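The structure appears below as structure tokens.
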Amino acid sequence: MISLDEAVTARLESHGQRFEVLVDPDAALAMKRGEFDGELEDVIAAEDVFEDASRGDRPPEEMLKKVFETTDPMEIIPAVVERGEIQITAEQRREMQTQKHKQLVQRITRNAVNPQMDDAPHPPERIESALEETDFRVDPMEPVESQVDEALDALRPVIPIRFDEVTVAVQVPPDYAGSAQAQIRQFGDLEREEWQSDGSWVGVLTFPAGLQNDFYDLVNEHTSGQAETRIIKDEDDLNTRG
């Protein structure tokens, strides 16, 4: 269960009666959209149904049976969330908006590149600054995934940007191959790998283009800067690597 400090109220009015439950706002919104696949305990702050949650008043049991055909809170809570409205305070809305904004910037940074700079990644600060120049505002009640395209449309007049993936070949020297390849191969989708006769390891990975700097940092960290990398532009280039 979540803490009461983090909870918001989901409210349903039916048959002249009000029913309230205390829930996590993000999880409740996901449940309302049919996108939640977790446990109900992860959504709620109290295993109870209220007439007025702020006062702790509970509705009559006969009304629970009339509206929900049960008095079991764990069966009633999802119905209240799905059929009712999720109430959030102005402060909660601001906090949710701040968190969603950070998530949006992170998602764009992970996937976006600058096509005018040889597809170099945009740093988060540049994305943040560019968003401030637009009229785009994150909707705290909508998933980040559904707002990315709109944010990109707002960003394009401000900075050159596009979403892309990059495929990179990396060759790790024998002295580092054993431990380094185990870390590197987890970074993206491993398209190909090969152990060379001298004990070195070659891997070809595809991952969001915005993560190139993170990838090179990882490779350098685990190989003391001794690995070789190059971007694979097309299938013919991929097939030329030995």
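With each label modelled as a point 7 angstrom along the Cα→C-beta vector, the residue 216-residue 51 pair spans 6.7 nm.
I'd like the Kirkwood hydrodynamic radius of the stretch 4-87, using the inverse of the mean 1/r over distinct C-alpha pairs, in Å. Computed over Cα pairs of the stretch 4-87, the Kirkwood hydrodynamic radius comes out at 12.5 Å.
If you look at the Cα atoms of the stretch 85-221, you get an Rg and a Dmax of 19.0, 65 Å. What number, in percent, do you get for the relative contact order of the chain if the mean sequence gap of Cα pairs under 8 Å and at least 6 apart is divided by its residue count? Relative contact order of the chain: 16 percent. Here's how it looks for residue 87: its modeled amide H is under 5 Å from those of 9, 10, 11, which are all 5 or more places away or on a different chain. Which whole-number percent of Cα pairs in the stretch 45-122 have a distance greater than 17 Å? Tail of P(r) above 17 Å: 65 percent of Cα pairs.
Placing pseudo-labels 7 Å out from each Cα toward the beta carbon at residue 153 and residue 196 gives an inter-label distance of 4.9 nm. In plain terms, the chain from residue 65 to residue 87 could stretch by 5.5 nm, reckoned as 0.36 nm per residue minus the Cα-Cα distance. For the chain, what are the per-bin percents of Cα-Cα distances with bins 10 Å wide, up to the bin holding the maximum? Pair shares across the bins are 7, 23, 20, 18, 16, 11, 5, 1.
Distances between placed amide hydrogens fall under 5 Å for residue 167 paired with 232, all partners being 5 or more residues away or on another chain. According to the Cα-based calculation, Rg over Rh for the stretch 165-240 is 0.93, with Rh computed by the Kirkwood formula.
The charge dipole of the chain, taken about its Cα centre with unit charges on the Cβ atoms of Lys, Arg (+1), Asp and Glu (-1) only, comes to about 380 debye.
Restricting attention to the chain, lysine pairs at least eight places apart or on different chains and with alpha-carbon atoms under 25 angstrom apart total 4.
Helix 73-83: angle to the longest alpha-carbon principal axis of the chain, degrees 0 to 90, nearest 10? Taking Cα atoms only, the helix is inclined about 80 degrees.
Every number in this text was worked out from the coordinates using simple rules, so none of it is lab data. Bear in mind the structure is a predicted one, so any value in this text is a computation, not a measurement. All Cβ positions, even for glycine, are placed from backbone atoms using ideal geometry, and neighbour counts span all protein chains on display.
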